[in-house]
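Asks: Have a look at this one.
The values are calculated or read from the model by the stated rules, or taken from the named source; none is laboratory data. Computed from a predicted model, the values in this text were never measured in an experiment. Cβ sites come from the backbone with ideal geometry, for glycine too, and all protein chains shown count toward neighbours. Keep in mind that these areas ignore ligands, DNA and RNA; they rest on the heavy atoms of the full protein, side chains included. Shrake-Rupley method; radii C 1.70, N 1.55, O 1.52, S 1.80 Å.
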Amino acid sequence: MTKTEAAAFLSAQEAVCILTHRNPDGDTIGCAAALCRGLRALGKDAWVLENPQFTPRYAPWLAGLLTGEARGTVISVDIASASLLPDNARPLAERIALAVDHHASHT
């Protein structure tokens, strides 16, 4: 999928749930927060799924963006493999409609 196609896909969504990976770092949290805020700026209902491993270090970037339930289209960010999903997100693996990732090993 090209960037233009991904943008069109995201524009067509009304509600989006964004997934992050286990042992979350700045890549996955920064991407999730930026995507969520960008989609909200476009009037979308966007949320980042809570990750049990989020730490207070990243709390300021996630403030007001978290949800405990997946609703809408599921998007993953910085997740090269479904095996990297936290336990609460694993049931959503088959629902991932768009994976935004920079890893050459992405499966």
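Asks: G68 fails exactly one of the following numbered conditions: (1) in contact with a Cys (Cβ under 8 Å, 6 or more places away or on another chain); (2) loosely packed, with under 15 Cβ neighbours inside 10 Å; (3) not acidic (D, E). What is the number of that condition?
Replies: Answer for G68: the failing condition is (1).
Asks: Let me ask something else. If I filter segment 53-60 for residues that are within 15 Å of the chain's Cα centre (by Cα) and either under 18 Å from F9 (Cα atoms) or assigned to a loop (DSSP other than H, G, I, E, B) (or both), do I get at least one hit?
Replies: Checked against the condition, which is being within 15 Å of the chain's Cα centre (by Cα) and either under 18 Å from F9 (Cα atoms) or assigned to a loop (DSSP other than H, G, I, E, B) (or both), segment 53-60 yields at least one hit.
Asks: Given the options A6, A46, A33, name the one that is open to solvent by less than 60 Å² (accessible area, probe 1.4 Å) and over 21 Å from E94 (Cβ atoms).
Replies: Details: A6 fails: over 21 Å from E94 (Cβ atoms); A46 fails: over 21 Å from E94 (Cβ atoms).
Only one candidate passes the filter, namely A33.
Results for (1) crowded, with 19+ Cβ neighbours inside 10 Å; (2) in contact (Cβ under 8 Å) with a residue 60 or more places away in the chain; (3) hydrophobic (A, V, I, L, M, F, W, C); (4) in a strand (DSSP E or B), shown as yes or no for each residue.
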residue: I18; (1), (2), (3), (4): yes, no, yes, yes
residue: R40; (1), (2), (3), (4): no, no, no, no
residue: A80; (1), (2), (3), (4): no, no, yes, no
residue: S83; (1), (2), (3), (4): no, no, no, no
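Asks: For M1, only one of the following conditions fails: (1) in contact with a Leu (Cβ under 6 Å, 6 or more places away or on another chain); (2) open to solvent by 70 Å² or more (accessible area, probe 1.4 Å); (3) not acidic (D, E). What is its number?
Replies: Evaluating M1 over (1) in contact with a Leu (Cβ under 6 Å, 6 or more places away or on another chain); (2) open to solvent by 70 Å² or more (accessible area, probe 1.4 Å); (3) not acidic (D, E) leaves (1) as the failure.
Asks: May I pose another question? Determine which single condition A70 fails, assuming it passes every other condition in (1) farther than 17 Å from L10 by Cβ; (2) touching a Lys or Arg at 6+ places or on another chain (Cβ under 8 Å); (3) of a type outside the set (D, E).
Replies: Result: A70 passes all but (1).
Asks: Can you find a residue in segment 44-67 that is in contact (Cβ under 8 Å) with a residue 60 or more places away in the chain and of a type in the set (S, T, N, Q)? If you could, list the steps in order and put the result at the bottom.
Replies: As a first pass, look at segment 44-67 and keep what is in contact (Cβ under 8 Å) with a residue 60 or more places away in the chain: none.
Within segment 44-67, none of the residues are in contact (Cβ under 8 Å) with a residue 60 or more places away in the chain and of a type in the set (S, T, N, Q).
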